Amino acid sequence: MKFNIDPPQQALRTALLDKVNKKTKPLGALGLLEEVAIQVGLIQQTLSPQLSNPAMLVFAADHGIAISGVSPYPQAVTAQMVYNFLQGGAAINVFAHQHGMHLRVIDAGVNHDFGVSPDLIDAKIARGTANFLYEPAMSKAQCEQAIMVGAAIARKELAIGCNVFGFGEMGIGNTSSASCLMSVLCQLPLSACVGRGTGLDDVGLARKLAVLEQAVSLHAVDNSQPMEVLATFGGFELAMMVGAMLGAAEQKALLLVDGFIATAALLVASQLAPAILHYCVFAHCSGEAGHRQLLQHLGATPLLDIGLRLGEGTGAALAYPLVQSAVNFLNEMASFESAGVSSRGGA
């Protein structure tokens, strides 16, 4: 379970900053794009970084907690949405196609048999997790298996030239898992972490909070043991995403982190390998309650804040063109010298 992730070497930072500052613009005028350009350059250890073969990994799984009234949608929607992904009809299909990202749909543990499909990666650990209202969601062995399978999926993409990953998910009940992970690992009250998920009304939100408070009080998990916390409250898609993030960062790929669920997976990954945060671009701040505070906990500044809360990796796909723009201006924009434009303090 050891992943060797080191922070990028910083020797190039001064040269990258100098290159950014000599572009034909006022200092800092491209805002966060300048920081992203420098970040990608440091990750790739070059003054001329390139993005290649971007992959969007969407992990799907069912959650036992879903039967306890934490979502307005039935568990069957998970499988129905996987079929929608495979048929090209979901938002992530549209955005991934628009931006040239290779979409991979992974069955990490859906309570349904899809049969053989060329567009589905069958990595099912089990037909959904146990209900963590009564018992841990998964065994330690299942949790470790999911992580290792996720890392293997990322490595397969790396082997064909991918150096930038988006991460998405589908699983009715997974905002409940994410909320519990955040509450326990960040040592925050559940009320600060629980949101409406797929659209709960006030009564439903109160019921969800009560159920999750009961579940957290049942399990005496050590918040310094992220694997134990993940096995207790997580989902197979979350655990597999943790592994994919770790496997991608180990090979110095760029990670585009989507919304609340993906950030909760990253929270676990960052406690297993803190240096992973150097490889992350945070796509957006979700409309889901708790995400903004989770981003603050991680010291993250998102590129977008437009009220998204769909999941599926949609925010990461929408943010990818901004990352492309950051790399492109670094590589293609004229400098003051090459353009014959006077710089600050020039004549």
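The values are calculated or read from the model by the stated rules, or taken from the named source; none is laboratory data. Please read all numbers here as calculations on a predicted model, not as lab measurements. All Cβ positions, even for glycine, are placed from backbone atoms using ideal geometry, and neighbour counts span all protein chains on display.
Below are the figures for this structure:
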quantity	calculated
Selection status of residue 242, surrounded by 21 or more Cβ atoms within 10 Å (Cβ to Cβ), more than 15 Å from residue 150 (Cβ to Cβ) and aliphatic (A, V, I, L, M)	no
Lone qualifier among 198, 263 - being of a type in the set (S, T, N, Q) and modelled with pLDDT of 95 or more	263
Pairs, first within 14 Å of residue 171 (Cα to Cα) in the range 90-118, second among the basic types (Lys, Arg), C-beta under 6 Å, six or more apart	107/124; 109/124; 111/127
Members of the range 130-156 found to be within 24 Å of residue 327 (Cα to Cα) and surrounded by fewer than 24 Cβ atoms within 10 Å (Cβ to Cβ), listed by number	155
Residue, farthest from residue 101 (Cα to Cα), within the range 302-347, restricted to residues that are polar (S, T, N, Q) and free of Cβ contacts under 8 Å to residues at least 40 places away in the same chain	342
Filter pass, residue 229 being among the β-branched types (Val, Ile, Thr), in a helix (DSSP H, G or I) and within 20 Å of residue 1 (Cβ to Cβ)	yes
Filter result (within 16 Å of residue 124 (Cβ to Cβ) and touching a Gly at 6+ places or on another chain (Cβ under 9 Å)) within the range 54-80	57, 58, 59, 60, 61, 62, 63, 64, 75, 78
Index of the failed condition, residue 177 passing every other in (1) buried (at least 18 other Cβ atoms within 10 Å of the Cβ); (2) farther than 22 Å from residue 141 by Cβ; (3) of a type in the set (Ser, Thr, Tyr)	(2)
Residue list for the range 50-69, restricted to those being over 22 Å from the mean Cα position of the chain (by Cα) and either surrounded by fewer than 18 Cβ atoms within 10 Å (Cβ to Cβ) or in a loop (DSSP other than H, G, I, E, B) (or both)	67, 69
Every residue from the range 17-32 that is within 28 Å of the chain's Cα centre (by Cα) and in a helix (DSSP H, G or I)	17, 20, 32
